[in-house]
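The values are calculated or read from the model by the stated rules, or taken from the named source; none is laboratory data. If you're wondering where the values come from, they're calculated on a predicted model, not measured in any experiment. Please note that ligands, DNA and RNA were not included when accessible areas were found on the heavy atoms of the full protein model with its side chains. Shrake-Rupley method; radii C 1.70, N 1.55, O 1.52, S 1.80 Å.
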Amino acid sequence: MALPSSPAASAPASAGERWPPLESSPEVFNQFMWSLGVPEEEAEFHDVYGLDADALDMVPHPVLAVTLCFPDPPQDASYPSDLLLSYGEKQETWDQVYFIKQIESLGNACGTIALIHAVGNSSSEINLVENSCLDVFFKSTASMDPYERALFLEKDDAMAKAHSLAASAGVTEFCDVVEEHYICFVAVNGTLTELDGMKDGPIKHGSSSSKSLLQDAVPVIEGIMRNIPDSISFNVMVLSRKQNNAGTTS
């Protein structure tokens, strides 16, 4: 099954112009990520053209994170309750998973938040440029809770400027109301973890590993798609480590 569209993603459009929507394309995300401090020779985003085995085999490995851009789900869509972390689990998980909330003042920043989730949970695999936007951001917010990180991002002028430049680089024409949203999947401590800034915290989806992350995320993505049967506006990307660096980091 092909995933041809490259929708832009967002929270409510009324949140302001500081955080416009980002187009879901590797070209936009790569230039954005590299400008923030991920070296071009370290990692890059790639499209996933389908969720069948043949299409997944075409994706460059190793996969560090998976992003999904999809229409805002209907009001009655929900996750099984056993996947939601309890308060105690959240506190413990926040020490292991880098998670940031999407607050109203962050507008259409969910694409940037997905990128932050992807890179922030791949710190052992990616060597950021020292004193770059992301390097400073992660060091400054390391001890903060998800809400405090959101407030820090909202006030981060350098990050907001880079976001706006990335948004202007896309070719998609946006409507006044943007109805798509980004989430991210990572494998942390052997667990497939969904990171959605609109949720209260990380969501567990069973066991996973760096080798099986993409395949493990597929059933969750397919479940989300089934909840929104009347739309084709889905786009899946992966953040992969460059082949010339694969295996150089433990």
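A few comments on the model shown:
- In this view, the solvent-accessible surface of Val59, computed with a 1.4 Å probe and all protein chains in place, comes to about 10 Å².
- Net lengthening on full extension, Ser140/Glu41 (0.36 nm per residue, minus Cα-Cα): 33.2 nm
- Global form of the stretch 142-239, assessed from the alpha-carbon gyration tensor, a/c cut-off 1.5: oblate
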